[in-house]
Amino acid sequence: MSAPFDPADPAGEPFRQAVQTAITGFLTDQRAVLATIGEELDPLRIAAGEYTGGGKRLRPAFCYWGRVAASGQPVDAAPLMRAVSSLELLHVSALMHDDLMDHSDTRRGLPSAHRRFSEAHQHAGGAGPAQDFGSDMAILLGDLLLVWSMEMFSGSGIEPLRLAAAGPLLEAVRTEVTCGQVLDVTAQARMTGGGRESDLDLAHRVVEFKTARYTVARPAQIGVSLAGGTAGLQQAMLDFGSPLGRAFQFRDDLLGVFGDAGITGKPAGDDIREGKRTMLVAHAMSASTPDDARTLDSLLGRPDLDDSDIATARRIIESSGARAGVEADIEKGYRQALDVLGSAEMTHEGRIALTELARQCVQRSA
């Protein structure tokens, strides 16, 4: 594989295909490893291949272009693509567990992993509850992808000293995203914060660790480390990635309530049914009338909500000014990120690519 990729199209088809090629090659190599254990592993390997197809590839992109921001594009991009693509395995690992916790039925146009394996159990006439088997296998698939992400990174072929420099950041992102998930789950259960912080502050804390660092800041910092970049550029990637990552999640929050299901691939209002305590909901709860706040609170987390219920939730959120407030938060985070890029010392290609990735994070409908 040869560089360069086009910095004006930093996560375009050539880049996404290169990520897919790296992942497919790695998973193909695992076939022989799993065969020595038993044919029972085949369904997991096949599922891993299917769930790692597609997606925005943002985390590999931020990692790759973080590296470019520090030292330009490599002549031979293959080792770097293996390293950055390992972040996609980490991401899909988290998605497998997310879907189970959120009781989601689909993932990337396929039945979610726990549904897939539950159906396989039913088809085979397996012993015990099919739902339990599906949940167990989804957890194990997520765990296997996490282990493989570590193996793919360490075996990428990048110079050991560079891998070692990036190691602490990779460890940080794995810890932060897991702890961010804990914050999210406990927030939905109203068991976070102990009343010591507002719903808005809590929502910011969840988003920082579940999304902002995981999606933008740490991948970009890992890329800088792989290039042997400066401490100043490392800090710039954190200052860039934190507000942009929050803006990315806030856009997701809006799409989760107001998005077009035909474009997003998720049923309209699913975030309300799942009871997600997003920044959008926190804004609405704090700014609504007492009656509207109670009504919205009563709707959150009810999987049986119909279209009329979702319309009521949307009306409350809109009339409270929450939708407009979150749009303003998105614009603020986006501008903060662009200001950092404008003042940080980095390569011209890196600045162009990271600027375009920032735009794609916030100006989207899916």
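Please treat every number below as a calculation from the coordinates, not as lab data. These numbers come from a predicted model, not from an experiment. Counting neighbours? That spans all protein chains shown, and the Cβs are built from the backbone with ideal geometry, glycine included.
Numbers at a glance
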| quantity | calculated |
| --- | --- |
| Under 16 Å from the Cα of LYS266 - lysines, other chains or at least 8 residues apart | LYS56, LYS276 |
| Whole-number D in µm²/s for segment 290-366 (Stokes-Einstein; Kirkwood sum over Cα pairs; 4 °C, 1.567 mPa s) | 84 µm²/s |
| Rounded, prolate or oblate (a/c below 1.5 giving rounded, otherwise prolate when a/b exceeds b/c) for segment 101-148 by Cα gyration tensor | oblate |
| Potential lengthening between PHE258 and SER198 on full extension [0.36 nm per residue; Cα-Cα distance subtracted] | 19.2 nm |
| Contour excess over end-to-end distance, with Cα ends at ALA311 and HIS123 and 0.36 nm allotted per residue | 63.9 nm |
| Quarter of Cα convex hull surface for segment 107-241, i.e. mean projection, nm² | 11.6 nm² |
| Spacing of the two label points (7 Å from each Cα toward its C-beta) at LEU110 and MET191, in nm | 3.2 nm |
| Inter-centroid distance (Cα atoms) of segment 125-190 relative to segment 292-350, Å | 27 Å |
| Sequence-separation-based contact order of segment 160-366, relative, with Cα cut under 8 Å and 6+ spacing, percent | 22 percent |
| Label-point separation in nm, ARG359 to GLU39, each point 7 Å along Cα→Cβ | 5.3 nm |
| Karplus (6.51, -1.76, 1.60) ³J(HN,Hα), θ = phi - 60°, over segment 234-244, in Hz, Gly and Pro reported as x | 4, 5, 4, 5, 6, 5, 6, x, 5, x, 5 |
| Tensor-based shape of segment 1-104 (alpha-carbon gyration tensor, a/c under 1.5 rounded, otherwise prolate or oblate) | oblate |
| Additional length obtainable on full extension of the chain from ALA328 to THR175, 0.36 nm per residue less Cα span | 52.1 nm |
| Most mobile of SER343, SER286, SER112 in a GNM of the chain (Cα contacts under 10 Å) | SER343 |
| Estimated FRET transfer efficiency when R0 is 30 angstrom, pair ALA366-LEU161 (beta carbons, to 0.05) | 0.15 |
| Rounded if a/c under 1.5, otherwise prolate or oblate - segment 171-323, Cα gyration tensor axes | prolate |
| GNM top mover of PRO79, PRO43, PRO129 - the chain, alpha-carbon springs below 10 Å | PRO129 |
